[in-house]
Amino acid sequence: MDSTEPLSILWQDDDLVAVHKPAGWLVHRTGLDAHETRFVMQTLRDQLGRHVFPVHRLDKGTSGVLLMALHADAARALCEAFALQQVQKRYIAMVRGWPEAQSEVDHALKPDDAPADAPAQPARTTLYRRGTLQLDIPVDRYPSTRVALVEAVPHTGRRHQIRRHLKHVAHPIIGDTTHGKGAHNRWWAQQLGQQRLWLHALSLQLVQPFSGQPLNLMSPIPFDPLTRVQNQQASLNQDWAYLLADMPWQFTEAAMSWAACPPHP
């Protein structure tokens with residue numbers, strides 16, 4: 001996605017707006033990436049012609065649902081909902097190896113920039129294995145390479161929580177240059193023709209703080225693992241659809257359908 005293209009709006013009302021954040025975009029300007037030119041906040045502000053307020057964040061490499069407020073009262077209400085863990089988040093990740101079918105990771109984390117004597121903060125994530133793939137190609141010391149498709153549901157909101165928890169259980173995300181494995185990252189980037197973090201914010205579920213309306217905000221992957229059919233009408237997340245369609249994945253019976261249509265803006 002070019003920085004001049006408008007962002008895809010998944011939902012908008014008088015109080016909030018949800019957009020699809022492309023992989024590689026920053027949420028807002030930061031001195032750590034002074035060379036970067038693609039920012040969600042500035043692009044959305046120009047696109048809507050009004051100020052927007054961030055209420056949570058996604059890493060630069062993560063794609064998917066990003067929620068913003070359209071006025072200060074909405075920003076306070078949504079920030080409180082995130083802080084009180086009243087927003088359910090679902091992510092999809094491609095990870096190295098085959099994790100357990102379901103697991104709970106209860107592993108406290110320190111902020112990346114915390115001093116050495118700072119206490120770790122409680123952090124918990126539920127992981128579900130939704131698909132597996134084995135290719136008889138040696139990437140490192142093993143005769144074949146294995147990856148899995150994992151649904152991650154974080155119950156706390158620590159920075160880089162999913163990435164760090166998957167590293168903790170020895171199943172780092174493919175494309176994670178900080179917590180992953182370089183040989184696997186390079187091999188998959190070459191095979192797929194792109195370098196990206198294979199982590200996607202699939203959905204946010206919350207209650208609209210002013211109307212009380214339940215919202216299920218999705219950035220759907222246009223591929224149904226149960227039928228193995230791509231939804232050609234969906235333009236978002238085609239890189240994920242190609243990954244799932246072009247490889248001999250074995251999906252579990254519990255695999256969700258990513259072909260669900262997003263709400264109309």
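Observations, loosely collected:
- Annotation: for a label point projected 7 angstrom from Cα along Cα→Cβ of residue 252, residues of the stretch 133-167 with backbone N closer than 11 Å are 149-152.
- Taking 142, 128 and ordering them by how much accessible surface each has at a 1.4 Å probe, largest first, produces 142, 128.
- Average Cα contact separation per residue, the chain, under 8 Å, 6 or more apart, as relative contact order %: 18 percent
- Solvent-accessible area of the chain (1.4 angstrom probe, protein heavy atoms only): carbon and sulfur portion equals 49 percent.
- In range of the label at residue 9: residues from the stretch 35-69 whose backbone nitrogen is under 17 Å from the point 7 Å along Cα→Cβ: 40-54, 65-69
- Antiparallel DSSP beta bridges within the chain, percent to nearest 5: 95 percent
- Rounded accessible area of residue 89 (nearest 10 Å², 1.4 Å probe): 40 Å²
- Put 221, 137 in order of accessible area, highest first, and with a 1.4 Å probe you get 137, 221.
- Per residue, the stretch 78-187 exposes an accessible area of 51 Å² to a 1.4 Å probe, with every protein chain left in place.
- Mean projected area of the convex hull spanned by the Cα atoms of the chain, taken over all viewing directions: 14.9 nm².
- Net charge contributed by nearby residues that have their C-beta within less than 15 Å of residue 80 (K/R +1, D/E -1): -1
- Exceeding the 18 Å Cα-Cα cut-off - candidates 21/89; 110/167; 60/110: 60/110
The values are calculated or read from the model by the stated rules, or taken from the named source; none is laboratory data. Note that the structure is predicted; figures quoted are calculated from it, not measured. Don't worry about glycine lacking a Cβ; one is built from the backbone with ideal geometry, like all the others, and counts go over all protein chains shown. Just the protein is used for accessible areas: all its heavy atoms, side chains included, with ligands, DNA and RNA removed. Shrake-Rupley method; radii C 1.70, N 1.55, O 1.52, S 1.80 Å.
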